[in-house]
Amino acid sequence: MEVIIQKNKAAAVSLAAKLIAREIRKKADLVLGLATGRTMESLYAELAVMHNNEGLDFSLCRSFNLDEYIGLPPEHPGSYRYYMNEHLFNKVNIDLRNTHLPNGVAEDLDGEGERYEERIEACGGIDLQLLGIGCSGHIGFNEPLSSLMSKTRQKALTPVTIAQNSPLFDKPEDMPKRAFTMGVGTILESRRILMLVTGREKAQILAKAVEGPITSMVSATALQLHPATVVIVDEEAAELLQEKEYYHWIFNNEPEWEEFRV
Ligand code: GLP
């Protein structure tokens, strides 16, 4: 795992966008794993700007989102399909037929997890998985005690997650209490992972995720097992990290990061 600390949210978002753009330019039919949440809104806005100004081409990209609420149809403003259309898909030239989310209103809810895994496999697996982190330490909706080998399935959401996400609904009580999520095992199978975390309110959970012991109580700690994970954070989120100086040194000296240093 590598941790890159940027001075503020804008710089963190901009670096994350540049890394994603580099991967798309290297492989036009990149399979992207996508995330939702407030943190990702400015990242998707930046990618849309890169599409408009620099011609960043999504036409051959495929995408799989981490999760979707159960019971919300795609046209519901609280659904993650709606979110993705609004924030990214309608703003770039991705082919909507190549964009995938678990179907939260599938007739056969029990089979949906397995079908989603099969679709990911049929595309050759995820090349670059984008992640945020929830206040419960979840990645996707892998709430505490999610098996570190889990695959896409239904999860009941914790009170912490419901408190974090319900303000995003016009009527907070409309937020579903269950969701489909890729498993921790699904996420660990992606070739590269990019986690973006900003803001002081994430400092405590980020320190646990990055520097704490691996535990299913904080599913993000499983990323420590992944061979190619980069965590981009702003100074506020990095506040409680113990090895900040070392992380800065790596970013400022390793040749891999040269093109991204300003
Ligand atoms: C939701 C998503 C997570 C995301 C989290 C962070 O819970 N399921 O994938 O990481 O939100 O949200 P925010 O960026 O709003 O803090």
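The values are calculated or read from the model by the stated rules, or taken from the named source; none is laboratory data. If you're wondering where the values come from, they're calculated on a predicted model, not measured in any experiment. All Cβ positions, even for glycine, are placed from backbone atoms using ideal geometry, and neighbour counts span all protein chains on display. For the accessible areas, the whole protein counts, side chains as well, though only heavy atoms, and no ligand, DNA or RNA atoms are used. Shrake-Rupley method; radii C 1.70, N 1.55, O 1.52, S 1.80 Å.
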statement: Within segment 126-140, residues being part of a loop (DSSP other than H, G, I, E, B) and buried (at least 24 other Cβ atoms within 10 Å of the Cβ) number 6
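Report those strands (runs of 3 or more DSSP E) wholly inside segment 1-108 carrying at least 3 residues which are over 29 Å from E259 (Cα atoms) and at pLDDT 95 or above.
Working: elements: 2-6, 31-34, 62-65, 67-69.
Ranges flagged: 67-69.
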- request: Determine if segment 122-139 includes at least one residue that is over 18 Å from the mean Cα position of the chain (by Cα) and farther than 18 Å from S59 by Cα.
  value: yes
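Pick out the one residue from E173, E143 that is assigned to a loop (DSSP other than H, G, I, E, B) and either more than 12 Å from the chain's Cα centre (by Cα) or within 13 Å of the ligand (Cβ to nearest atom) (or both).
On the way: E173 fails: assigned to a loop (DSSP other than H, G, I, E, B).
Only one candidate passes the filter, namely E143.
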- prompt: What about S166, is it of a type in the set (S, T, Y) and either free of Cβ contacts under 8 Å to residues at least 60 places away in the same chain or open to solvent by 20 Å² or more (accessible area, probe 1.4 Å) (or both)?
  reply: yes
message: Among the residues that make up segment 211-223, is at least one of them within 13 Å of the ligand (Cβ to nearest atom), open to solvent by 10 Å² or more (accessible area, probe 1.4 Å) and touching a strand residue (DSSP E or B) at 6+ places or on another chain (Cβ under 9 Å)?
response: no
- line: The lone condition R38 fails out of (1) within 13 Å of the ligand (Cβ to nearest atom); (2) open to solvent by less than 40 Å² (accessible area, probe 1.4 Å) is (2)
message: For the structure I just gave you, tell me whether P227 is of a type outside the set (A, V, I, L, M), open to solvent by 90 Å² or more (accessible area, probe 1.4 Å) and under 22 Å from S190 (Cβ atoms).
response: yes
- prompt: Mind checking which residues of segment 45-68 are within 16 Å of the ligand (Cβ to nearest atom) and in contact (Cβ under 8 Å) with a residue 60 or more places away in the chain?
  reply: F64, L66, D67, E68
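For (1) open to solvent by less than 20 Å² (accessible area, probe 1.4 Å); (2) in contact (Cβ under 8 Å) with a residue 12 or more places away in the chain; (3) out of contact with any Pro (no Cβ under 9 Å at 6 or more places or on another chain), each residue gets a yes or a no:
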{"site": "H100", "(1), (2), (3)": "no, yes, yes"}
{"site": "A122", "(1), (2), (3)": "no, no, yes"}
{"site": "S146", "(1), (2), (3)": "yes, yes, yes"}
{"site": "S150", "(1), (2), (3)": "yes, yes, yes"}
{"site": "P159", "(1), (2), (3)": "no, no, yes"}
message: Kindly evaluate L188 against the criterion of being within 12 Å of the ligand (Cβ to nearest atom) and open to solvent by less than 80 Å² (accessible area, probe 1.4 Å).
response: no
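For segment 113-159, name all the residues that are of a type in the set (S, T, N, Q) and closer than 25 Å to P213 by Cα.
Initial filter on segment 113-159 (of a type in the set (S, T, N, Q)): 129, 136, 142, 146-147, 150, 152, 154, 158.
Passing the criteria: Q129, S136, N142, S146, S147, S150, T152, T158.
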message: Tell me the residue from G113, G104 that is farther than 27 Å from T229 by Cα and open to solvent by less than 10 Å² (accessible area, probe 1.4 Å), please.
response: G104
